[in-house]
Amino acid sequence: MVCYVLSNGINQDIIFNMKYRVAIVGAGPAGYFTAQALQKAQTEELTFLIDMIERLPTPWGLVRSGVAPDHPKIKTVSKVFEKIAKENNFRLFANVELGKDVSLKELREVYDVVVLATGSPEGKKLGIQGENLINCISAAEFVPWYNAHPDFTKIPIDLNTDTAVVLGAGNVAIDVARVLATDPKKLDTTDVSEIALSIFKASKIRRVVICGRRGPEHAAFTTPELRGLLNLENTDVYVDHTQINDAITRISKIGLVEKETKNNLEVMKQIANRDRNDFERSIEIKFLSTPTEIRGNGKVEEVVFQENEANSENVLSTNKTFSIKTGLVITAIGYNAIAYPGIEVENGRVINIAGHVRQNIYVVGWAKRGPVGVIGTNKSDSSDVVSLIVSNLTEPRNVSGIDGLLKPGIEVINQLGWEKINASEVVSGELVGKPRIKEDDWDRLINLGTTR
Ligand code: NAP
């Protein structure tokens, strides 16, 4: 037999028909695309047994609890996830929590490779006075609330105010503003949380103001999301055309400008030039406004802003201020990853080099690169990390996987259990013309997904 050594030092004879056990922690897009890349990387000589471990009783991560309910097309990626899950080298262990039911140390011992795909679940803080007032809520809570995430069903949300302020000029801010300013009847045929839907129907909010601290040319919106605002029925969208024209003048003085920036400004110009319909509901986008204080007597009443001015190089603060009276503030200013014993987080990300954390631990998705990128970004990113994993593989350790680790009493929801939950939600939805009615209660989810 010919025996040769691969570039990573593995003897080719040894890896022949060898299986590597991989644990992926987190069943969101980055986790599924990692599983897919591992499946695609398989050859006759190299195979992977993949266990996906998820804290919630349900998989799909942000596709279930992040994507806005009125964006059903984005959710169709879940069909790809289910195809990945149907492969016979894939197992789901939902309702199993890293750090509670299993430790990272234990996982490292029973898998050849552990991949963290745990996302960035914590909302960033503004760090200004008044941020802790009642009804100043992070999008990291508000979005999962309206998406029926079982951890957020009980957070108090009061929409008994005519004006809401959304801080941040990114896609999450657009989602939140649109959901708040849309006629709730439009959500009737979506999978929005039933609790949220009834609160939206009673909502007094008619004006939503999105506030970005820099200029329109620096906004983090993507063009399709902005364009979506042009198509809103029964909601006016305003942006000050002077702010847009000034931004266009500024970027014309800069040599190289990204295509997305130009496209964004083009759409914002269209928004600015549109006739006003004087609908009852509106969204207004305000730039060059840094929130400096949230005021209120126990509860949000007003946001104070400092006005900024921009030149082609910088955004500078002025000494002018203004304020907006409001009873609800949603902060949509980004997210942070969370640390686990043995895993450190710096600048909101798990410390890593190109996805490698240390030894046999890797990280993908927002936990790796920070909270940037749309769902599809995870595909190439996870694929790059899997290439690194493959090139770093040493001999398989003949390890046993998670089964022996789980203590009696942990009610694991496997793929079959999840399919039962999924089918039940879809059937309940079909009866009333919705894609599904999401179950939002931990116990009921566990009941549906296990045989208990
Ligand atoms: P983001 O795109 O990073 O936007 C965050 C915004 O918050 C920026 O405008 C930022 O301004 C602002 N900000 C940060 N700190 C601030 C502070 N202290 N005070 C005031 N403003 C502050 O984050 P995101 O909106 O959470 O979105 C996260 C990722 O998910 C993005 O890649 C986004 O495209 C993606 N996403 C996609 C979709 C979709 O495709 N449908 C939907 C939702 C989210 P500066 O630029 O000045 O820092």
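Bear in mind that the values in this text are calculations on the coordinates, not laboratory data. This one's a predicted model, so the numbers in the text were calculated from it and none came from an experiment. Positions of Cβ are backbone-derived with ideal geometry, glycine not excepted, and every protein chain shown enters the neighbour counts.
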Next on the checklist: Tell me the residue from 446, 437, 421 that is in contact with a Leu (Cβ under 6 Å, 6 or more places away or on another chain), at negative phi and either crowded, with 16+ Cβ neighbours inside 10 Å or touching a residue at least 40 places away in the same chain (Cβ under 8 Å) (or both), please.
Outcome noted: 421
Next on the checklist: Any residue that is surrounded by fewer than 16 Cβ atoms within 10 Å (Cβ to Cβ), under 15 Å from residue 222 (Cα atoms) and out of contact with any Leu (no Cβ under 9 Å at 6 or more places or on another chain) - is there at least one of those in segment 233-256?
Outcome noted: no
Item to check | Meets criteria (of a type outside the set (Val, Ile, Thr) and closer than 25 Å to residue 220 by Cα) for residue 425 | outcome: no
Checklist outcome for this item: Picked from segment 56-92 (must be touching a Lys or Arg at 6+ places or on another chain (Cβ under 9 Å) and among the basic types (Lys, Arg)), the residue farthest from residue 403 (Cα to Cα) is 75
Item to check | Residue in segment 264-286 that is closer than 29 Å to residue 203 by Cβ, touching a strand residue (DSSP E or B) at 6+ places or on another chain (Cβ under 6 Å) and aromatic (Phe, Trp, Tyr) present | outcome: yes
Next on the checklist: Restricting to segment 360-378, and then to whatever is β-branched (Val, Ile, Thr) and away from the ligand (no atom under 16 Å from the Cβ), can you tell me which residue is nearest to residue 157 (Cα to Cα)?
Outcome noted: 363
Checklist outcome for this item: Restricting attention to segment 42-79, the residues that are away from the ligand (no atom under 16 Å from the Cβ), touching a residue at least 24 places away in the same chain (Cβ under 8 Å) and not polar (S, T, N, Q) number exactly 14
Checklist entry - Restricted to segment 344-359, and to residues that are surrounded by fewer than 22 Cβ atoms within 10 Å (Cβ to Cβ), away from the ligand (no atom under 16 Å from the Cβ) and touching a residue at least 12 places away in the same chain (Cβ under 8 Å), which residue is nearest to residue 128 (Cα to Cα)? => result 352
Checklist entry - Which of the residues that make up segment 143-180 are out of contact with any Lys or Arg (no Cβ under 8 Å at 6 or more places or on another chain), within 15 Å of the ligand (Cβ to nearest atom) and part of a loop (DSSP other than H, G, I, E, B)? => result 168, 170
Next on the checklist: With the condition being within 19 Å of the chain's Cα centre (by Cα), I'd like the helices (runs of 4 or more DSSP H) fully within segment 345-452 carrying at least 3 qualifying residues.
Outcome noted: 365-369, 377-392
Checklist outcome for this item: Residue set 43, 34, 118; condition crowded, with 22+ Cβ neighbours inside 10 Å, hydroxyl-bearing (Ser, Thr, Tyr) and assigned to a loop (DSSP other than H, G, I, E, B); output residue 118
